[in-house]
Amino acid sequence: MTLSQRTILIIISTFIALLFILATTSDVFLHDQGKVTIAYIFTALFLASGVLCCVMLLFVRGTILSRLKSLTAEVRQIAEMHNISARLPLSEHQDELKTLAVSINSMLESLENERKITEESDHMYLERIRQLNDELSRRAIDLAAANNELETFNYSVSHDMRGPLTRISGYCQLLLDDGSGLDHGTREYVARIYESESWLNEMIDALLHLAQVTRVEILSGNINLSKIAEAALKELSLECPDRSVRTCIEPDIVVAGDSRLLKMVIINLLGNAWKYSSFKDDALIEFGALQAESGPVYYVRDNGAGFDMKDAGKLFRVFTRLHDSSQFTGTGIGLATVQRIIFRHGGKIWAEAEPGGGATFFFTLQEPLSI
């Protein structure tokens with residue numbers, strides 16, 4: 001039986017006892033004392049009830065309120081100390097306060113089990129992160145070693161190849177300069193050998209340049225791409241003074257990035273536009289920027305030879321060319337170099353074109369990545 005149930009039972013029993021006393025004594029006092037005696041009895045009953053109430057209040061205060069105060073203090077201490085491992089002491093009395101204490105202990109036990117699970121999960125995640133960091137460090141070391149080996153190999157190959165190529169070029173030049181003993185066919189063969197040697201030298205330079213672009217440290221700053229484009233087109237005009245090309249350059253396009261690398265991007269793209277529009281009498285080359293939802297998009301456009309969009313996936317592959325080398329010279333490495341520079345600046349590059357209708361190369365830039 002709970003404390004509240006016992007209290008209610010005592011009050012009801014006391015009230016019944018008072019009624020019984022009143023019922024048994026009413027007749028005697030009515031006959032003997034009259035109405036005055038009845039008033040005394042009611043007064044006595046009222047005083048007795050008051051005393052009983054006071055006794056009950058003291059009892060409740062001594063048994064319930066003190067226990068509740070102690071329970072509240074212990075709960076507050078647990079909350080202040082953040083000690084969910086602590087438990088509330090349980091009373092011997094089977095009442096609501098003991099039930100409340102049991103519930104609080106169950107809640108604390110549940111919280112201690114969420115904490116243990118969380119600690120185990122955190123430990124597991126931290127261990128996994130540590131393993132991933134170790135693996136990443138090993139791969140970074142392996143990658144650095146592979147890059148160093150590749151760089152050494154590139155320079156070694158280029159050095160070993162340049163020697164024979166230089167001798168071949170020299171002998172060809174001697175034969176062409178002293179061509180008195182050569183017939184027309186032999187002279188043409190020697191000229192082709194000399195041209196092939198020159199092309200191979202350009203290929204070696206382009207490959208070394210591509211490797212350097214991948215490894216060079218990025219130095220970020222503000223770059224005016226419009227001024228770079230103007231200078232590049234001016235240089236191309238000086239190299240081909242007989243050509244008449246209309247140019248349209250949007251002024252003051254300023255971006256953040258590495259000036260050396262982004263200059264290579266603009267020179268390569270404008271050089272391609274200049275080359276592939278060479279058979280156009282009204283050649284037009286444009287450089288500008290568009291505003292998209294994700295940020296500015298820069299473009300280089302020409303009205304030259306263009307290409308079939310089904311071949312667009314081959315554009316940025318090394319040694320891949322979409323046009324006949326007899327019409328347009330090149331190594332097939334320029335666009336691959338451009339793509340790597342754009343990627344290192346957190347951007348992307350793509351193209352739109354049609355055969356005979358020109359081509360437009362679009363690219364985006366973000367903060368450059370130091371990798």
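What follows is calculated from the coordinates using simple rules that are stated; it is not laboratory data. The structure presented is a predicted model; accordingly, all values stated were derived computationally and were not measured. Cβ: placed from backbone, ideal geometry, glycine included. Neighbour counts: every protein chain shown.
On a full-extension model of 0.36 nm per residue, what is the gain between I218 and L238, subtracting their alpha-carbon distance, rounded to one decimal in nm?
4.1 nm
Checking the table K234/K314; K234/K263; K263/K314 against a 19 Å threshold on Cα-Cα, which pairs fail? Walk me through the numbers on the way to the answer.
Working: K234/K314 30 Å; K234/K263 14 Å; K263/K314 23 Å.
Distance filter (> 19 Å) returns K234/K314; K263/K314.
Could you please rank I341, I204, placing first whichever residue has the fewest other Cβ atoms within 10 Å of its Cβ?
Details: I341 27, I204 17.
Ordered by Cβ neighbours within 10 Å, fewest first: I204, I341.
If r is the Cβ-Cβ distance from R246 to A292 and R0 is 41 Å, what FRET efficiency results, to the nearest 0.05? Could the numbers behind the result be given before it?
Working: r = 26 Å, r/R0 = 0.64.
E between R246 and A292, to the nearest 0.05, is 0.95.
Using a simple spin-label model with points 7 Å from Cα along the Cα→Cβ vector, what separation in nm is obtained for L111 and L284?
Between L111 and L284, the label points sit 7.4 nm apart.
Spin-label point model (7 Å from Cα, Cβ direction): what's the R139 to M161 distance in nm?
So the label points at R139 and M161 sit 3.0 nm apart.
Take each of the peptides 111-120, 231-240, average the number of other beta-carbon atoms within 10 Å over its residues, and list them starting from the highest.
On the way: 111-120: 11.0, 231-240: 14.0.
Ranking, from highest mean packing down: 231-240, 111-120.
Take the Cβ-Cβ distance between T118 and A79 as r, set R0 to 22 Å, and report the resulting FRET efficiency rounded to the nearest 0.05. Numbers along the way, then the final one.
On the way: r = 19 Å, r/R0 = 0.86.
Between T118 and A79 the formula returns 0.70.
What does the extension gain come out to for Q131 and I193, with contour length at 0.36 nm per residue minus their alpha carbon separation?
Taking 0.36 nm per residue and subtracting the Cα distance, the gain is 16.7 nm.
Once label points are set 7 Å from the Cα along Cα→Cβ at both F343 and L47, what is their separation, rounded to one decimal in nm?
Placing both labels 7 Å beyond Cα along the Cβ direction yields 10.4 nm.
Arranged from highest to lowest average of other beta-carbon atoms within 10 Å per residue, in what order do the peptides 347-360, 125-138 appear?
Working: 347-360: 17.2, 125-138: 10.0.
Most protected by this proxy first, the peptides run 347-360, 125-138.
Applying a 10 Å radius around every beta-carbon, put 284-290, 184-190 in order of their mean neighbour count, most first.
Values: 284-290: 17.7, 184-190: 12.1.
Highest-to-lowest ranking by the protection proxy: 284-290, 184-190.
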